[in-house]
Amino acid sequence: MTIDRGGVFSNALQMIGNTPMIELKRLDTGCCRLFGKLELLNPTGSIKDRIALNMILTAEEEGKLKPGQTIVEATAGNTGLGLALVAAQKGYPLLIIMPDKMSMEKEYNLTAMGAKVIRTRSDVVKGHPEYYQDLAASIAKEKGAFYINQFANPANVEAHVKTTGPEIWQQLDGKVDAFVCGVGSGGTLSGVGRYLKAQNASIEIVLADPEGSILAPLHNTGERIEPKRWLVEGIGEDFIPDICDLSLIDHAYTIPDKSAMLTARELLAKEGIMAGSSTGTLLSAALNYCHQQTEPKNVVTLLCDTGTRYLSKMYNDEWMKQQGFIE
Ligand SMILES: Cc1ncc(COP(=O)(O)O)c(C=O)c1O
């Protein structure tokens, strides 16, 4: 099925979702076919536009968000950008709490879109008052603002059950064998995973997890490791978010930062698509999965956000050398 992105929209919010899909034919996918859904073509450049819209609409419908009330969110940046678009269109001030490891491009972008950004520590875990989610909750309480909290908000999962999952199913005419995704809040995994397994219970859900995150080791060994720092932005966790349904996962791969970033650069070099670092993690896991198959499968993953957000990092050779990722 072809998705019609033509026609004339009457506002930017209507352009969220219905993203195209590309078969990645220039990467070595073994006996499998690998498809990438171009979430970076959402209006603010990431998959998170979908949840930003649904979380705000749902909060309005449920009467939790009052006209003109400030929205507060803890985010690696992309949810913030989606919220900045929706909040500005609907007249809500927005305050973003973002860990200091996230790229400056995201902060400039958020500020340009009218959001206020507070940076906080990346080296503390949940329960610490300066951890971005704890800080967002306490600031929202203090200011009488609405903490939208993507990590515990069912409207996050619902956005993917209603849109991302059905789009993937329709674009591949139901011929899906595996779906590869990462976990930030768990919304994508829980929503797309739930939808696809309801269509066909044998579809395999594959987790792509940065090295240092607790999720893949938990799936593979049952043990909860001490989280370590990783550089990929937006995915990987040091706790299990309330909305994250880990029971949907069939296979999990731990991907080092270096493999993620080199794979994202390979995507640009071979397919001409400039995506972000998390896309590199997902693609690297998807390629591992493809190479382990002995019969042809249709594998789908997400090209989650735009690479222009990482020009000062992953696409900067000096930065890559400083990390020891290239010679
Ligand atoms: C940048 C980014 N953020 C977040 C996610 C995961 O989102 P979720 O919060 O739905 O787990 C992804 C990829 O799946 C991503 O690439």
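The table below lists the values:
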read-out: Matching residues, segment 297-307, being in contact with a Leu (Cβ under 9 Å, 6 or more places away or on another chain), part of a loop (DSSP other than H, G, I, E, B) and surrounded by fewer than 24 Cβ atoms within 10 Å (Cβ to Cβ); value: none
read-out: Residue match in segment 49-61 (condition: of a type in the set (Gly, Ala, Ser) and closer than 30 Å to Thr294 by Cβ); value: no
read-out: In segment 155-182, residue surrounded by the fewest Cβ atoms within 10 Å (Cβ to Cβ) [restricted to those that are closer than 15 Å to Leu53 by Cβ and away from the ligand (no atom under 13 Å from the Cβ)]; value: Lys162
read-out: Residue that is surrounded by the fewest Cβ atoms within 10 Å (Cβ to Cβ) [pool: residues in segment 45-62 that are more than 12 Å from the ligand (Cβ to nearest atom) and among the β-branched types (Val, Ile, Thr)]; value: Thr58
read-out: Residue in segment 76-84 that is within 14 Å of the chain's Cα centre (by Cα), assigned to a loop (DSSP other than H, G, I, E, B) and closer than 28 Å to Tyr131 by Cα present; value: yes
read-out: The one condition in (1) more than 19 Å from Gln150 (Cβ to Cβ); (2) among the polar types (S, T, N, Q); (3) within 16 Å of the ligand (Cβ to nearest atom) that Asn42 fails to fulfil; value: (1)
read-out: Any hit, segment 29-37, residues being closer than 30 Å to Glu266 by Cβ, modelled with pLDDT of 95 or more, touching a Cys at 6+ places or on another chain (Cβ under 6 Å) and not hydrophobic (A, V, I, L, M, F, W, C); value: yes
read-out: Output for segment 308-327, where each listed residue is part of a helix (DSSP H, G or I) and crowded, with 24+ Cβ neighbours inside 10 Å; value: Arg309, Tyr310
read-out: Residue within segment 244-253 that is surrounded by 19 or more Cβ atoms within 10 Å (Cβ to Cβ), of a type in the set (Phe, Trp, Tyr), touching a residue at least 40 places away in the same chain (Cβ under 8 Å) and touching a strand residue (DSSP E or B) at 6+ places or on another chain (Cβ under 9 Å) present; value: yes
read-out: Hits in segment 292-319 - residues which are more than 11 Å from Ser277 (Cβ to Cβ), away from the ligand (no atom under 12 Å from the Cβ) and not β-branched (Val, Ile, Thr); value: Gln292, Gln293, Glu295, Pro296, Lys297, Asn298, Leu311, Ser312, Asn316, Asp317, Glu318, Trp319
read-out: Matching residues, segment 190-243, being farther than 23 Å from Thr263 by Cα and crowded, with 20+ Cβ neighbours inside 10 Å; value: Ser190, Gly191, Val192, Gly193, Tyr195, Leu196, Ile203, Pro241, Ile243
read-out: Yes/no for Met102 being aliphatic (A, V, I, L, M), touching a residue at least 40 places away in the same chain (Cβ under 8 Å) and in a loop (DSSP other than H, G, I, E, B); value: yes
read-out: Some residue of segment 311-319 being among the acidic types (Asp, Glu) and in contact with a helix residue (DSSP H, G or I) (Cβ under 6 Å, 6 or more places away or on another chain); value: no
read-out: Matching entry among Asp245, Asp257 (being within 12 Å of the ligand (Cβ to nearest atom), closer than 30 Å to Gly127 by Cα and not hydroxyl-bearing (Ser, Thr, Tyr)); value: Asp245
read-out: Failed item, numbered, when Leu268 is tested on (1) farther than 17 Å from Gly77 by Cβ; (2) at pLDDT below 95; value: (2)
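Each row is one residue, and each column tells you yes or no for (1) assigned to a loop (DSSP other than H, G, I, E, B); (2) of a type in the set (Ser, Thr, Tyr).
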| site | (1), (2) |
| --- | --- |
| Gly193 | no, no |
| Ala198 | no, no |
| Ser202 | yes, yes |
| Ala208 | no, no |
| Glu233 | yes, no |
| Ile240 | yes, no |
| Cys244 | yes, no |
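Quick grid of which residues meet (1) part of a loop (DSSP other than H, G, I, E, B); (2) within 20 Å of the chain's Cα centre (by Cα); (3) under 30 Å from Leu65 (Cβ atoms); (4) at pLDDT 95 or above:
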residue	(1), (2), (3), (4)
Thr2	yes, no, no, no
Gly6	yes, no, no, no
Leu13	no, yes, yes, yes
Leu27	yes, no, no, yes
Met55	no, yes, yes, yes
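The values are calculated or read from the model by the stated rules, or taken from the named source; none is laboratory data. From a predicted model like this one, the values you see are computed outputs, not experimental measurements. A quick note on method: Cβ atoms are made from the backbone with ideal geometry, for glycine too, and the neighbour counts reach across all protein chains shown.
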